[in-house]
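Just below is one structure, and these are the notes that go with it.
The values are calculated or read from the model by the stated rules, or taken from the named source; none is laboratory data. These figures come from a predicted structure and were not determined experimentally. Cβ placement follows ideal geometry from the backbone for every residue including glycine, while neighbour counts extend to all protein chains displayed. Please note that ligands, DNA and RNA were not included when accessible areas were found on the heavy atoms of the full protein model with its side chains. Shrake-Rupley method; radii C 1.70, N 1.55, O 1.52, S 1.80 Å.
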Amino acid sequence: QVQLVESGGGLVQAGGSLRLSCVASGSTFNIDDIGWYRQVPGKQRESVAIINRATGIDYADSVKGRFTISRDSAKDTVYLQMNSLKPEDTAVYYCSARCGSIDYWGQGTQVTVSS
């Protein structure tokens with residue numbers, strides 16, 4: 001079992017920055033991939049940035065050059081630094097970890113970017 005707790009969401013003006021944090025606990029040694037997804041009401045959840053044990057880091061095209069994912073293994077924490085935010089980045093952001101065939105999810109944190 002892995003538990004994930006996100007923090008750092010909020011309201012920011014377009015062009016601003018936010019940093020999301022995701023603290024993992026439990027069987028973190030079993031984590032293969034970990035990263036961030038986002039979801040807008042009425043739309044499918046989409047991948048934003050993933051640290052993949054096998055292939056490295058993957059970013060959605062829409063966030064490349066603006067978002068940076070990083071991991072502090074000593075703190076079992078994953079960060080998402082979001083710069084040059086746009087109104088279309090508004091969504092609930094979820095942290096997710098994959099352990100074998102099981103996906104774990106955090107409760108989500110709201111990010112709202114005003115124009």
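General remarks:
- Within segment 61-96, the only residue that satisfies the criterion of being over 19 Å from Gly9 (Cα atoms) and of a type in the set (A, V, I, L, M, F, W, C) is Ala74.
- Screening segment 1-17 for residues that are in contact with a Phe, Trp or Tyr (Cβ under 9 Å, 6 or more places away or on another chain) and under 22 Å from Ile57 (Cβ atoms) and picking the one that is surrounded by the fewest Cβ atoms within 10 Å (Cβ to Cβ) gives Gly8.
- Scanning segment 84-115 for residues that are among the small types (Gly, Ala, Ser), more than 28 Å from Phe29 (Cα to Cα) and open to solvent by less than 10 Å² (accessible area, probe 1.4 Å) yields one hit, Ala91.
- Residues in segment 21-44 include at least one that is touching a residue at least 60 places away in the same chain (Cβ under 8 Å), open to solvent by 40 Å² or more (accessible area, probe 1.4 Å) and out of contact with any Lys or Arg (no Cβ under 6 Å at 6 or more places or on another chain).
- Residue match in segment 23-39 (condition: hydroxyl-bearing (Ser, Thr, Tyr), at pLDDT below 95 and not in a strand (DSSP E or B)): yes
- Subset of segment 57-72 (residues that are assigned to a strand (DSSP E or B) and open to solvent by less than 60 Å² (accessible area, probe 1.4 Å)): Phe67, Ile69, Ser70, Asp72
- Ala54 meets each of the listed conditions (1) open to solvent by 30 Å² or more (accessible area, probe 1.4 Å); (2) in a loop (DSSP other than H, G, I, E, B); (3) within 21 Å of Thr109 (Cα to Cα) apart from (3).
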